[in-house]
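Worksheet: the structure to be examined is printed underneath.
None of the figures in this text is laboratory data; all of them are computed from the coordinates on show. These numbers were taken from a predicted model, which means no experiment stands behind them. Cβ placement follows ideal geometry from the backbone for every residue including glycine, while neighbour counts extend to all protein chains displayed.
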Amino acid sequence: MVQTVDRMDKPTSACPPVKSTQREGAPMITAGPWTALIVLIAFAITGNGACRVRKTDDELGRAVKQALYDEPAANLLQVDVTVESGTVYLSGEVDLYAFKERAGQLARGVGGVTAVVNKVQVQP
Amino acid sequence: MALCAGPAAAESMPEKTEPNPWQYGALLDVSYGLNFNFPENHQFRSKQTTPRTNEFSPNMALGYVHKEPHRARDWGVELAGQAGYDTDALVPREQEARDRPVPGADLLRHLARANVSYLAPIGSGLLLTAGLMKGYINFESFYAKQNFNYSRSYLTDYSPNFVFGVGSRYAINHNVDVGFHVMNGFQHLAHANDLPSYGAELDWRVTKRLAVAQNLYYGPDQADTSLRYWRFFSDTQVQWRGDEVTIVLAYDIGTERAVDQPDQARTFWTGAALFTRWDLSGPWSLAVRPEWFWDRNGRLTEFEQLLWAVTTTLEYHRHVGPQLWLTRLEYRYDHSTGQDGGFFRDGDIAPGVPRLASSQHLLLLSLIWAFDS
């Protein structure tokens, strides 16, 4: 059973730095924990920009499965997907080595995936 | 609550490096099955895999080394050894005019894979394989680790899980691939004659989430190799994959005229199974498999019977580095009717003649450990 492991650095934050809208000379407003919480909730609800709340393993699993099973250019229906702490484990069988590589590429392309362990086997 | 990279950042994940073509690994599979019939011989009647109950059962230990052909003109090799109760039934019983074990079968059952392959530069790549390889027929694997449930279905037990011969596989396009095989027979460790048997397969992804597979076997499996005694076997599968639920319906049918019967009567067996799995949450999943198997003439199970069963399995899995731990709790109900049907139960009706019951309740706890390099 062939296994390949692809890792990416764990994302710290992809949020762009927030520009200050404070006018010079205006009284300083201290951003307390409530403000931070409200901002985070707003991002979570709106999904604004590229910065989203981190997906759970279940959500990642569904996203990876959708990417694989809906892929028109490769039959990946025999590929099983499990996710643990952001790491995607692919197993099962495909007909071509190119399909195995494609499965790994699609899994890596899902936002929030931190690593892909590709144990998919090309059936003889 | 942590913030994460969006899709654009994920796409910037570095491209993987070329993997080591050589891989190796191991598998250990143990279980304890509480059979509420409490048979004194500890046997699960008419079952090939997980054949022992009411005792600690090391069902499978496997070690392998493997190289896949990655591109045209590349070659591959598979070598694997296995041991455990699940391998016991691979050695066929000596039967007049039918199967007899190949010389050294008791040792050869420990060989799981021994093949070489070559990816010929034809079209998308024609994969040619020769030697002892995985069977091309079943949806389930011979190895519990790769299945929804722990115990295997009757369909899996009574279909070729191993093939000894030469095979070819070709992907016509992204959705259709075909295969053709020439092998020594239905059971790879049986030797009924010197003629080869033939197999064909078709896998077709009908829609994005729906696939159909058709597998065929045709060949002589008796001492008399006349065409009228050849065995025909068909396996049909329909699979649908959702994001959380997978459903597979498999139907098998087989027939051959029996040389050893006075009137060379046509024998017949058929069965179906519905494999379902629901990924509950995180490492938990639930699988339910109703099935039936009718061995009208006792050709495969050795008993004329209609079997049906329902198997429910709760699974928990966890990866630890390159290791995978799987534990499954399974409840299985089996029922058998027919002239020779039944399951072993406690006590004998006469010396050496075990008592039978028409049904069997089995509670299985299994642990599977796997390591892949």
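If you rank B:K67, A:K119 by fewest surrounding Cβ atoms within 10 Å, what's the result?
Fewest-to-most ranking of B:K67, A:K119: B:K67, A:K119.
Using Cα springs under 10 Å in a Gaussian network model of chain B, which residue among B:G347, B:G33, B:G104 shows the largest mean-square fluctuation?
Maximum fluctuation in the GNM of chain B, among the listed residues, is at B:G104.
For B:G242, enumerate residues with amide H under 5 Å from its amide H, sequence gap 5+ or separate chain, H modeled in the peptide plane.
B:I247
If you place +1 on the Cβ of every Lys and Arg and -1 on the Cβ of every Asp and Glu, how big does the dipole about the Cα centre of the range B:23-107 come out, in debye to the nearest 20?
240 debye
Can you list the equivalent-ellipsoid semi-axes of chain B, largest first and in whole Å, using the square root of 5 times each Cα gyration tensor eigenvalue?
In descending order the semi-axes read 35, 28, 20 Å.
Considering amide H positions built from the backbone, and no H for Pro or chain starts, which residues 5 or more places from B:S197, or on another chain, come under 5 Å of its amide H?
B:M183, B:N184, B:G185
Give the percent of DSSP beta bridges with both residues in the protein assembly as shown that are antiparallel, rounded to the nearest 5.
Antiparallel bridges: around 95 percent, rounded to the nearest 5.
Which of B:F186, B:P101, B:M133 sits closest to the plus end of the dipole of the range B:96-186, meaning its Cα is farthest towards the positive end, when Lys and Arg get +1 and Asp and Glu get -1 on the C-beta?
Farthest towards the positive end: B:M133.
Per residue of B:273-285, what is the mean number of Cβ atoms on other protein chains within 10 angstrom of that residue's Cβ?
Rounded to a whole number, the mean comes out at 2.
In nm, give the distance between the simple-model label positions of B:D260 and B:E94, each being 7 Å from the Cα along the Cα-to-Cβ direction.
1.2 nm
Can you check how the C-alpha radius of gyration of the protein assembly as shown compares to 2.2 N^0.38 Å, as a plain ratio?
1.12
For B:I172 and B:A26, compute 0.36 nm times the residue count separating them, minus their Cα-Cα distance, and round to one decimal in nm.
Using 0.36 nm per residue and subtracting the Cα-Cα distance, I get 49.2 nm.
In peptide A:71-81, what is the residue-averaged number of other protein chain Cβ atoms found within 10 Å of each Cβ? Walk me through the numbers on the way to the answer.
Working: counts 2, 4, 3, 4, 11, 4, 11, 7, 1, 6, 2.
Across A:71-81, the average partner-chain Cβ count within 10 Å equals 5.
Which pairs in the list B:K47/B:K145; B:K67/B:K134; A:K119/B:K134; A:K65/B:K145; B:K47/B:K67; A:K100/B:K145 are over 25 Å apart, alpha-carbon to alpha-carbon?
Listed pairs above 25 Å: B:K47/B:K67.
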